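The values are calculated or read from the model by the stated rules, or taken from the named source; none is laboratory data. Predicted model, so just to flag it, every value in this text is computed and none were measured. Every residue, glycine among them, receives a Cβ derived from its backbone with ideal geometry; neighbour counts consider all protein chains shown.
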């Protein structure tokens, strides 16, 4: 029987977990050549991926849908795996991780202000920025281990987008269409600001990857358009419903 809704997402996350276990980790033994600007950049993103997800999971549980809560738990596990791989990549390049970073602390504080919808809207800002970042890292890194790790994370992030869009579409459905569009327009505005901040903060790394700050911000803004539509007006999204722009 074909599963739909969050049951399909639970099945998708479980299948990916099994596929990941069968594939195994990248080969860390050969080490990685990481330029200083790439080290600093990856360290900051590693902090952002590294968290227990307790606030998000608690809100998901309180939302009253145990199937969605299970899907959220599996999503959080994938994010924690990203943090683990980035830490091992840094170690392969002879670098350590950071204890924290101001940008991640700011995102976390904002995400925890209100309920699940606000948490997911802010989380989606981080996810969309991550799509552009990991694509740049995958395609622009000279080191094959860096490209492999970035490619694995990018594939996961592309699947996360429609998962969050589905929940946000449901959460915004009670609002009139003009209000929904106002929310997503505001979200895109905040996303543009976040993309600009990341482009400035990671400018040296982006340049070494062959991506200008302007191009990075433009990619973030461009890719957000179909996501805003999916959140405000789109149909229910399943695991295969990745917006074309991402």
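What the table below lists for this structure:
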quantity: Residues (within 18 Å of residue 93 (Cα to Cα) and assigned to a helix (DSSP H, G or I)) located in the range 128-151; calculated: 134, 137, 138, 140, 144, 145, 146, 147, 148, 149, 150, 151
quantity: Positions within the range 66-82 being surrounded by 16 or more Cβ atoms within 10 Å (Cβ to Cβ) and more than 19 Å from residue 148 (Cα to Cα), in sequence order; calculated: 68, 69, 70, 71, 72, 73, 74, 75, 76
quantity: Selection within the range 180-215 - touching a helix residue (DSSP H, G or I) at 6+ places or on another chain (Cβ under 8 Å) and more than 30 Å from residue 34 (Cβ to Cβ); calculated: 180, 181, 183, 184, 185, 187, 188, 190
quantity: Residue match in the range 226-246 (condition: within 26 Å of residue 38 (Cα to Cα), part of a helix (DSSP H, G or I) and either modelled with pLDDT of 90 or more or in contact with a helix residue (DSSP H, G or I) (Cβ under 9 Å, 6 or more places away or on another chain) (or both)); calculated: no
quantity: Filter result for residue 157 (touching a helix residue (DSSP H, G or I) at 6+ places or on another chain (Cβ under 6 Å), assigned to a helix (DSSP H, G or I) and either surrounded by 20 or more Cβ atoms within 10 Å (Cβ to Cβ) or in contact (Cβ under 8 Å) with a residue 40 or more places away in the chain (or both)); calculated: yes
quantity: Filter pass, residue 211 being crowded, with 21+ Cβ neighbours inside 10 Å and not in a helix (DSSP H, G or I); calculated: yes
quantity: Answer from 100, 64, 30, 115 - the residue that is at pLDDT 90 or above and over 17 Å from the mean Cα position of the chain (by Cα); calculated: 30
